[in-house]
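J.: Dumping the structure here so I can ask a few things about it.
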Amino acid sequence: MALHVYGVLRGGTPLPELPETAGVGDSPGEVWSVEYDDLAALVSEIADDYAPTDHDGARHLDVLARLIVETTVLPVRFGTVAPDEDAVRFEVLEPAAAELRSQLRALDGFVELRVDLTFDEQEALRGALAASPELRGLAGQADGDLEQRIGVGEIVTEGVAEWTRQQGEQVAAPLTRLARLSVPLNAGNTLVARLALLVARDRVTEMDEAVRQLRSQLSTVDVEYVGPLPPYDFLDAREPEAERTSRWGW
């Protein structure tokens, strides 16, 4: 059996009670900590040849989400596996110990919240055209040949994406004011402005209320709100954007 690694926390941190079905693999079992000095890695057993599934990805995230509401935990990328506890100590924790300690200090008491603002397509198009005389002029050329129409369509799409980004910043201002940090994320949709917010754990209720108020004020913008999550988007060792938005990168 191998060990699936979920995240890193301070050594000696009490773990919350987890459901018997927590953890990844065909037969989820106990989740426990493997300690190295003042650090600990959260692990559970997994078959050596096990191929992870979408359901495992959800369970991996669920374990971390249950911890983050009570303590600081640094997420480890899904699919990280070690052959035994010594490998966890000396191949996962020891080489990165200084950086992990620094990240735990910097993120102590904080969680990540995510907000998706989805704008109406026609409203976004009208807004983008109204904001750019150049874009309005190009849109008037949409009756040209196929190549020209494709080129115009791409430019208009970029204009809509920029309008969405700017509107997202304005709409989300009451939320970002409550956060210590905020970063825009790639939602893969020109009509969606996605933000990750780093929020103190004791201000999550305040953020919940701010989101509720925002929803009540917006009639044409859909607000999706997720969290608390581990601080995936605020680790010092940031992964490339393409990796962070991949299937397992959350």
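J.: Against the definition (assigned to a strand (DSSP E or B), of a type outside the set (S, T, N, Q), closer than 28 Å to VAL199 by Cα and at pLDDT 85 or above), how does LEU9 come out, yes or no?
T.: Values: assigned to a strand (DSSP E or B): yes; of a type outside the set (S, T, N, Q): yes; closer than 28 Å to VAL199 by Cα: yes; at pLDDT 85 or above: yes.
Here the answer is yes, as LEU9 does meet what is asked.
J.: Counting just the residues of region 192-250 that are over 30 Å from THR53 (Cα atoms) and among the small types (Gly, Ala, Ser), which one comes out modelled with the lowest pLDDT?
T.: Among residues in region 192-250 that are over 30 Å from THR53 (Cα atoms) and among the small types (Gly, Ala, Ser), the one modelled with the lowest pLDDT is SER219.
J.: Here are ALA22, ALA65: which of them is surrounded by fewer than 23 Cβ atoms within 10 Å (Cβ to Cβ) and under 19 Å from PHE110 (Cβ atoms)?
T.: Working: ALA22 fails: under 19 Å from PHE110 (Cβ atoms).
The unique qualifying residue is ALA65.
J.: Further, regarding this structure: Being farther than 21 Å from GLY12 by Cα, modelled with pLDDT under 90, assigned to a loop (DSSP other than H, G, I, E, B) and out of contact with any helix residue (DSSP H, G or I) (no Cβ under 9 Å at 6 or more places or on another chain), is that true of even one residue in region 52-75?
T.: Among the residues of region 52-75, at least one is farther than 21 Å from GLY12 by Cα, modelled with pLDDT under 90, assigned to a loop (DSSP other than H, G, I, E, B) and out of contact with any helix residue (DSSP H, G or I) (no Cβ under 9 Å at 6 or more places or on another chain), which makes the answer yes.
J.: Starting from residues that are surrounded by fewer than 19 Cβ atoms within 10 Å (Cβ to Cβ) and touching a residue at least 24 places away in the same chain (Cβ under 8 Å), keep the ones in region 34-53 and report whichever is nearest to the chain's Cα centre (by Cα).
T.: Going through region 34-53, the residues surrounded by fewer than 19 Cβ atoms within 10 Å (Cβ to Cβ) turn out to be 35, 37-38, 45, 47-53.
From what is left, the residues that are touching a residue at least 24 places away in the same chain (Cβ under 8 Å) are 35, 37-38, 45, 47-48, 50, 52.
Working: GLU35: 26, ASP37: 29, ASP38: 27, GLU45: 25, ALA47: 28, ASP48: 28, TYR50: 25, PRO52: 20 Å.
Filtering first and then ranking leaves PRO52.
J.: Right, something else. Does LEU113 fit the bill of being modelled with pLDDT of 95 or more and within 26 Å of ASN186 (Cα to Cα)?
T.: Considered against the rule, which asks whether it is modelled with pLDDT of 95 or more and within 26 Å of ASN186 (Cα to Cα), LEU113 comes out as yes.
J.: If I filter region 132-152 down to residues being in a loop (DSSP other than H, G, I, E, B) and of a type in the set (D, E, K, R), which single residue comes out as modelled with the highest pLDDT? Can you show your working first?
T.: Step one: of region 132-152, the residues in a loop (DSSP other than H, G, I, E, B) are 132, 140-145.
With the extra rule that they be of a type in the set (D, E, K, R), the set shrinks to 143, 145.
Details: ASP143: 58, ASP145: 55.
The residue in question is ASP143.
J.: For region 177-196, which positions are hydrophobic (A, V, I, L, M, F, W, C) and farther than 15 Å from ALA124 by Cα? Talk me through it step by step, then tell me what you get.
T.: First pass over region 177-196, keeping only residues hydrophobic (A, V, I, L, M, F, W, C): 178-179, 181, 183, 185, 187, 191-193, 195-196.
Of everything in region 177-196, those that are hydrophobic (A, V, I, L, M, F, W, C) and farther than 15 Å from ALA124 by Cα turn out to be LEU178, ALA179, LEU181, VAL183, LEU185, ALA187, LEU195, ALA196.
J.: While we're looking at this one, here's another question. If you go through region 10-31 one residue at a time, do you hit one that is touching a strand residue (DSSP E or B) at 6+ places or on another chain (Cβ under 9 Å), of a type in the set (Lys, Arg) and in contact (Cβ under 8 Å) with a residue 24 or more places away in the chain?
T.: Yes, the conditions are met somewhere in region 10-31.
J.: Ok, one more. Might you check whether a residue that is aliphatic (A, V, I, L, M), farther than 23 Å from ALA200 by Cβ and in contact with a helix residue (DSSP H, G or I) (Cβ under 7 Å, 6 or more places away or on another chain) occurs anywhere in region 100-110?
T.: Within region 100-110, the subset aliphatic (A, V, I, L, M) is 100, 104, 106-107.
Add one more test, that the residue is farther than 23 Å from ALA200 by Cβ, and what stays is none.
Checking region 100-110: not a single residue is aliphatic (A, V, I, L, M), farther than 23 Å from ALA200 by Cβ and in contact with a helix residue (DSSP H, G or I) (Cβ under 7 Å, 6 or more places away or on another chain).
J.: Moving on to the next point. Please list, ordered by first then second residue, the pairs with beta carbon atoms under 8 Å, 6 or more apart or interchain, first in region 58-77 and small (Gly, Ala, Ser), second surrounded by fewer than 22 Cβ atoms within 10 Å (Cβ to Cβ).
T.: The qualifying pairs are ALA65/PRO228; ALA65/LEU229.
The values are calculated or read from the model by the stated rules, or taken from the named source; none is laboratory data. Quick caveat, the model's predicted, so the values are computed rather than measured. Here Cβ is always computed from backbone atoms with ideal geometry, including for glycine, and neighbour counts include all displayed protein chains.
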